[in-house]
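The values are calculated or read from the model by the stated rules, or taken from the named source; none is laboratory data. Bear in mind that the values here come from a model prediction, so they are computed numbers and not experimental data. FYI the Cβ positions are ideal-geometry reconstructions off the backbone, even for glycines, and counts take in every protein chain you see. Heavy atoms of the whole protein, side chains included, go into the accessibility calculation; ligands, DNA and RNA do not. Shrake-Rupley method; radii C 1.70, N 1.55, O 1.52, S 1.80 Å.
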Amino acid sequence: MAIEARKPETQEEARRNFRGGVKPIWCPGCGDHAVLAGLSDALAALGLETANVAVITGIGCSSRLPGYLSCYGFNAIHGRAIPIATGVKLSRPEATVIAAGGDGDGFSIGGGHLMHAVRRNLDMTYIVMDNGIYGLTKGQASPTTPMGVRTKTTTTGAYEEPIHPLQIMLAYGTTYVAQGFAGDLRYLSTLFQDAIKHPGFSFVDVVCPCPTYRGGMEQYRTLKAMQHMLTPDNHDESSWEEAQRLAREPGVMHIGVFYRERRATYGETLTHLRETALKGKPAPRVEALAEMYR
Ligand code: SF4
Ligand code: MG
(Lines give C-alpha, C1' and ligand atoms only; values in the text may rest on other atoms or scores of the structure.)
(Ligands and ions follow the chains in the order given, each with its own letter.)
Protein backbone atom coordinates (compact mmCIF):
# COMPACT_ATOMS: atom_id res chain seq x y z
CA MET A 1 0.00 0.00 0.00
CA ALA A 2 1.41 3.40 -0.97
CA ILE A 3 2.30 5.84 1.78
CA GLU A 4 -0.04 8.80 1.62
CA ALA A 5 1.77 11.96 0.53
CA ARG A 6 1.58 14.76 3.11
CA LYS A 7 1.93 18.46 2.47
CA PRO A 8 3.63 19.96 5.51
CA GLU A 9 3.14 23.66 6.14
CA THR A 10 6.55 24.37 7.68
CA GLN A 11 10.00 22.91 7.35
CA GLU A 12 9.88 21.83 10.98
CA GLU A 13 6.70 19.91 10.26
CA ALA A 14 8.33 18.39 7.16
CA ARG A 15 11.34 17.32 9.21
CA ARG A 16 9.09 15.75 11.82
CA ASN A 17 7.23 13.91 9.06
CA PHE A 18 10.46 12.32 7.89
CA ARG A 19 11.51 11.36 11.40
CA GLY A 20 8.59 9.04 12.12
CA GLY A 21 7.71 8.03 15.66
CA VAL A 22 10.28 5.39 16.60
CA LYS A 23 12.90 6.41 19.17
CA PRO A 24 16.44 5.38 18.16
CA ILE A 25 18.16 2.83 20.38
CA TRP A 26 21.66 4.00 19.46
CA CYS A 27 23.92 4.66 22.45
CA PRO A 28 23.96 8.22 23.84
CA GLY A 29 26.52 10.26 21.91
CA CYS A 30 26.59 7.89 18.91
CA GLY A 31 27.30 9.79 15.70
CA ASP A 32 24.42 8.02 13.99
CA HIS A 33 21.98 10.33 15.83
CA ALA A 34 23.49 13.29 13.94
CA VAL A 35 23.15 11.53 10.58
CA LEU A 36 19.47 10.79 11.26
CA ALA A 37 18.86 14.42 12.25
CA GLY A 38 20.91 15.80 9.34
CA LEU A 39 19.25 13.55 6.78
CA SER A 40 15.67 14.18 7.89
CA ASP A 41 16.44 17.90 7.95
CA ALA A 42 17.96 17.73 4.44
CA LEU A 43 15.03 15.78 2.97
CA ALA A 44 12.60 18.31 4.46
CA ALA A 45 14.66 21.31 3.30
CA LEU A 46 14.67 19.94 -0.25
CA GLY A 47 10.88 19.87 -0.17
CA LEU A 48 10.73 16.13 -0.85
CA GLU A 49 7.71 14.04 0.05
CA THR A 50 8.03 10.96 2.23
CA ALA A 51 6.24 8.95 -0.45
CA ASN A 52 8.97 9.70 -2.98
CA VAL A 53 12.06 8.86 -0.93
CA ALA A 54 13.57 5.43 -0.27
CA VAL A 55 16.39 4.77 2.20
CA ILE A 56 18.10 1.41 1.84
CA THR A 57 20.66 0.06 4.31
CA GLY A 58 22.57 -3.12 5.08
CA ILE A 59 23.30 -4.46 8.56
CA GLY A 60 24.92 -2.70 11.50
CA CYS A 61 24.12 -0.07 14.12
CA SER A 62 23.90 2.66 11.48
CA SER A 63 21.81 0.46 9.20
CA ARG A 64 18.91 0.84 11.62
CA LEU A 65 18.38 4.19 9.92
CA PRO A 66 15.26 3.30 7.84
CA GLY A 67 13.46 2.23 11.02
CA TYR A 68 13.67 5.80 12.30
CA LEU A 69 12.45 7.48 9.12
CA SER A 70 8.89 7.49 7.83
CA CYS A 71 9.69 7.41 4.11
CA TYR A 72 10.09 4.12 2.23
CA GLY A 73 12.92 2.03 3.59
CA PHE A 74 14.50 -1.38 3.46
CA ASN A 75 16.93 -3.06 5.80
CA ALA A 76 18.79 -5.40 3.44
CA ILE A 77 21.17 -8.23 4.30
CA HIS A 78 24.76 -7.42 5.19
CA GLY A 79 26.58 -5.36 2.57
CA ARG A 80 23.74 -5.37 0.05
CA ALA A 81 22.36 -1.85 0.37
CA ILE A 82 23.82 -0.81 -3.00
CA PRO A 83 22.32 -3.60 -5.17
CA ILE A 84 18.90 -3.17 -3.54
CA ALA A 85 19.07 0.60 -3.96
CA THR A 86 20.10 0.08 -7.60
CA GLY A 87 16.97 -1.99 -8.18
CA VAL A 88 14.78 0.63 -6.52
CA LYS A 89 16.28 3.41 -8.63
CA LEU A 90 15.90 1.48 -11.89
CA SER A 91 12.30 0.59 -11.18
CA ARG A 92 11.35 4.01 -9.78
CA PRO A 93 13.67 6.52 -11.52
CA GLU A 94 11.72 9.48 -10.19
CA ALA A 95 12.33 8.48 -6.55
CA THR A 96 15.09 9.96 -4.41
CA VAL A 97 17.14 6.92 -3.46
CA ILE A 98 19.60 6.90 -0.59
CA ALA A 99 21.77 3.94 0.33
CA ALA A 100 23.42 4.03 3.74
CA GLY A 101 25.29 1.92 6.26
CA GLY A 102 28.49 1.49 8.16
CA ASP A 103 32.13 1.14 7.15
CA GLY A 104 32.16 -2.64 7.59
CA ASP A 105 28.92 -3.07 5.68
CA GLY A 106 30.05 -0.81 2.84
CA PHE A 107 33.76 -1.44 2.47
CA SER A 108 34.19 -5.01 3.63
CA ILE A 109 31.10 -7.17 3.19
CA GLY A 110 29.62 -5.00 0.42
CA GLY A 111 32.83 -3.59 -1.00
CA GLY A 112 32.51 -5.31 -4.37
CA HIS A 113 29.27 -3.54 -5.21
CA LEU A 114 30.57 -0.01 -4.97
CA MET A 115 32.68 0.18 -8.10
CA HIS A 116 29.78 -0.98 -10.25
CA ALA A 117 27.30 1.54 -8.88
CA VAL A 118 29.96 4.20 -9.40
CA ARG A 119 30.85 3.27 -12.98
CA ARG A 120 27.15 3.32 -13.92
CA ASN A 121 26.85 6.74 -12.27
CA LEU A 122 23.45 5.86 -10.90
CA ASP A 123 21.64 8.93 -9.64
CA MET A 124 21.61 8.07 -5.94
CA THR A 125 23.37 9.05 -2.74
CA TYR A 126 25.45 6.71 -0.62
CA ILE A 127 26.07 7.73 3.00
CA VAL A 128 28.58 5.80 5.06
CA MET A 129 28.52 6.30 8.81
CA ASP A 130 32.21 5.65 9.29
CA ASN A 131 33.18 4.91 12.88
CA GLY A 132 36.12 2.60 12.23
CA ILE A 133 34.61 -0.31 14.18
CA TYR A 134 31.98 -3.02 14.01
CA GLY A 135 29.66 -1.56 16.67
CA LEU A 136 26.63 -3.85 16.42
CA THR A 137 28.72 -6.97 17.03
CA LYS A 138 30.42 -5.22 19.96
CA GLY A 139 33.71 -3.80 18.92
CA GLN A 140 35.72 -5.72 16.33
CA ALA A 141 38.22 -3.98 14.02
CA SER A 142 36.69 -2.86 10.73
CA PRO A 143 38.28 -1.94 7.37
CA THR A 144 38.69 1.68 8.51
CA THR A 145 40.07 1.04 12.01
CA PRO A 146 43.30 3.05 12.14
CA MET A 147 46.58 1.24 12.75
CA GLY A 148 47.44 0.83 16.41
CA VAL A 149 43.85 1.11 17.70
CA ARG A 150 42.93 -1.54 20.27
CA THR A 151 39.68 -3.35 19.66
CA LYS A 152 38.24 -6.70 20.72
CA THR A 153 40.00 -8.36 17.77
CA THR A 154 43.17 -6.25 17.89
CA THR A 155 43.94 -6.34 21.60
CA THR A 156 47.50 -5.13 21.13
CA GLY A 157 46.58 -2.62 18.43
CA ALA A 158 45.45 -2.97 14.80
CA TYR A 159 48.43 -3.92 12.64
CA GLU A 160 46.75 -3.72 9.22
CA GLU A 161 46.69 -0.60 7.09
CA PRO A 162 43.12 0.75 6.99
CA ILE A 163 41.41 1.51 3.72
CA HIS A 164 40.81 5.16 2.84
CA PRO A 165 37.20 5.51 1.62
CA LEU A 166 37.56 8.91 -0.03
CA GLN A 167 40.61 7.84 -2.02
CA ILE A 168 38.98 4.60 -3.09
CA MET A 169 35.78 6.27 -4.21
CA LEU A 170 37.76 8.88 -6.13
CA ALA A 171 39.81 6.13 -7.77
CA TYR A 172 36.60 4.33 -8.83
CA GLY A 173 35.51 7.50 -10.63
CA THR A 174 32.73 8.70 -8.31
CA THR A 175 31.27 11.95 -9.64
CA TYR A 176 30.65 13.44 -6.17
CA VAL A 177 32.86 12.72 -3.17
CA ALA A 178 32.41 14.49 0.16
CA GLN A 179 33.11 14.09 3.86
CA GLY A 180 30.94 15.16 6.78
CA PHE A 181 31.39 15.05 10.55
CA ALA A 182 28.75 13.96 13.06
CA GLY A 183 30.04 16.68 15.39
CA ASP A 184 28.91 19.37 12.94
CA LEU A 185 25.20 18.73 12.53
CA ARG A 186 24.24 21.97 10.81
CA TYR A 187 26.78 21.45 8.03
CA LEU A 188 25.80 17.79 7.72
CA SER A 189 22.30 18.81 6.63
CA THR A 190 23.72 21.25 4.07
CA LEU A 191 26.09 18.60 2.74
CA PHE A 192 23.36 15.97 2.41
CA GLN A 193 21.18 18.43 0.50
CA ASP A 194 24.02 19.13 -1.90
CA ALA A 195 24.80 15.43 -2.35
CA ILE A 196 21.16 14.51 -3.00
CA LYS A 197 20.86 17.29 -5.59
CA HIS A 198 23.95 16.06 -7.46
CA PRO A 199 22.90 14.34 -10.72
CA GLY A 200 24.82 11.09 -10.45
CA PHE A 201 26.33 8.86 -7.79
CA SER A 202 27.15 10.97 -4.74
CA PHE A 203 29.19 9.58 -1.88
CA VAL A 204 29.33 11.11 1.60
CA ASP A 205 31.65 9.58 4.17
CA VAL A 206 30.51 10.79 7.59
CA VAL A 207 33.11 10.62 10.34
CA CYS A 208 30.78 9.20 12.92
CA PRO A 209 32.20 8.45 16.40
CA CYS A 210 31.20 5.29 18.27
CA PRO A 211 31.73 6.41 21.87
CA THR A 212 31.02 2.91 23.20
CA TYR A 213 33.78 1.01 21.39
CA ARG A 214 36.13 3.65 20.01
CA GLY A 215 37.21 5.82 22.92
CA GLY A 216 34.24 7.67 24.41
CA MET A 217 33.09 11.23 23.81
CA GLU A 218 36.68 12.48 23.76
CA GLN A 219 36.75 11.54 20.06
CA TYR A 220 34.52 14.52 19.24
CA ARG A 221 37.01 16.95 20.80
CA THR A 222 39.99 15.29 19.10
CA LEU A 223 38.30 15.29 15.69
CA LYS A 224 36.99 18.83 16.10
CA ALA A 225 40.56 20.02 16.62
CA MET A 226 41.54 18.37 13.31
CA GLN A 227 38.56 19.73 11.35
CA HIS A 228 39.13 21.98 8.36
CA MET A 229 36.30 23.16 6.13
CA LEU A 230 36.68 22.95 2.38
CA THR A 231 35.05 25.82 0.52
CA PRO A 232 35.11 26.97 -3.11
CA ASP A 233 37.53 29.70 -1.92
CA ASN A 234 40.16 27.29 -0.65
CA HIS A 235 39.57 24.20 -2.82
CA ASP A 236 38.91 23.54 -6.50
CA GLU A 237 36.21 20.84 -6.53
CA SER A 238 37.00 19.96 -10.14
CA SER A 239 40.57 18.90 -9.32
CA TRP A 240 40.66 15.12 -8.91
CA GLU A 241 44.38 15.16 -8.10
CA GLU A 242 43.92 17.74 -5.34
CA ALA A 243 40.98 15.77 -3.94
CA GLN A 244 43.18 12.67 -3.76
CA ARG A 245 45.89 14.63 -1.94
CA LEU A 246 43.46 16.11 0.60
CA ALA A 247 41.86 12.70 1.21
CA ARG A 248 45.13 11.42 2.67
CA GLU A 249 46.56 14.57 4.26
CA PRO A 250 47.98 13.59 7.67
CA GLY A 251 46.66 15.25 10.81
CA VAL A 252 43.77 17.10 9.11
CA MET A 253 40.12 16.09 8.76
CA HIS A 254 38.84 17.99 5.74
CA ILE A 255 35.07 18.42 5.72
CA GLY A 256 33.14 19.36 2.61
CA VAL A 257 33.06 18.52 -1.09
CA PHE A 258 36.34 17.02 -2.29
CA TYR A 259 35.34 16.39 -5.89
CA ARG A 260 32.41 17.05 -8.20
CA GLU A 261 31.96 16.26 -11.86
CA ARG A 262 28.96 16.19 -14.22
CA ARG A 263 28.63 13.06 -16.33
CA ALA A 264 25.65 11.38 -17.92
CA THR A 265 23.84 9.27 -15.35
CA TYR A 266 22.75 5.71 -16.04
CA GLY A 267 19.15 6.88 -16.29
CA GLU A 268 20.01 9.67 -18.74
CA THR A 269 21.95 7.25 -20.90
CA LEU A 270 19.09 4.75 -20.97
CA THR A 271 16.56 7.47 -21.80
CA HIS A 272 18.71 8.76 -24.62
CA LEU A 273 19.26 5.30 -26.07
CA ARG A 274 15.54 4.55 -25.87
CA GLU A 275 14.52 7.79 -27.56
CA THR A 276 17.13 7.33 -30.28
CA ALA A 277 15.93 3.79 -30.97
CA LEU A 278 12.27 4.89 -31.10
CA LYS A 279 13.19 7.46 -33.77
CA GLY A 280 14.84 4.70 -35.77
CA LYS A 281 18.23 6.37 -35.55
CA PRO A 282 21.49 4.52 -34.93
CA ALA A 283 22.72 4.55 -31.33
CA PRO A 284 25.07 7.47 -30.60
CA ARG A 285 28.76 6.84 -30.30
CA VAL A 286 29.81 6.12 -26.72
CA GLU A 287 32.10 9.17 -26.72
CA ALA A 288 29.26 11.47 -27.73
CA LEU A 289 27.07 10.09 -24.98
CA ALA A 290 29.72 10.61 -22.35
CA GLU A 291 30.22 14.21 -23.44
CA MET A 292 26.53 15.03 -23.60
CA TYR A 293 26.14 16.13 -19.98
CA ARG A 294 29.61 17.47 -19.23
FE1 SF4 B 1 26.65 3.83 18.03
FE2 SF4 B 1 28.76 2.42 18.75
FE3 SF4 B 1 26.54 2.35 20.23
FE4 SF4 B 1 26.59 1.20 17.84
S5 SF4 B 1 27.82 0.59 19.64
S6 SF4 B 1 24.96 2.51 18.66
S7 SF4 B 1 27.94 2.58 16.66
S8 SF4 B 1 27.87 4.14 19.88
MG1 MG C 1 31.33 0.74 11.67
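Just a few scattered comments:
- Given 11 as the ceiling on other Cβ atoms within 10 Å, longest exposed-site-free region of the chain for GluC sites (Glu not before Pro) in DSSP loops: 161-294
- Calculated [θ] (222 nm, deg cm²/dmol) that DSSP helices of n ≥ 4 give over the chain, each run adding -39,500 (n - 2.57): -10000 deg cm²/dmol
- Residues in the chain average 47 Å² of solvent-accessible surface per residue, probe 1.4 Å, ligands and nucleic acids excluded.
- Translational diffusion coefficient (Stokes-Einstein; Kirkwood radius from C-alpha pairs) of the chain at 4 °C, 1.567 mPa s, in µm²/s: 66
- Neighbours of SER202 by Cβ distance under 13 Å: Lys/Arg scored +1, Asp/Glu scored -1, total 0.
- Pairwise label distance in nanometres, TYR187 with GLU242, each label 7 Å out on the Cα-Cβ vector: 1.7
- Using Cβ point charges alone (K and R +1, D and E -1), the dipole size of the stretch 1-121 about the Cα centre works out to roughly 260 debye.
- Under Stokes-Einstein, with the Kirkwood radius over Cα pairs as Rh, the value for the stretch 1-102 at 4 °C and 1.567 mPa s is 94 µm²/s.
- Relative contact order (%) - the chain, alpha-carbon pairs under 8 angstrom, separation at least six: 16
- Sulfur and carbon atoms: percent of accessible area, the chain [1.4 Å]: 56
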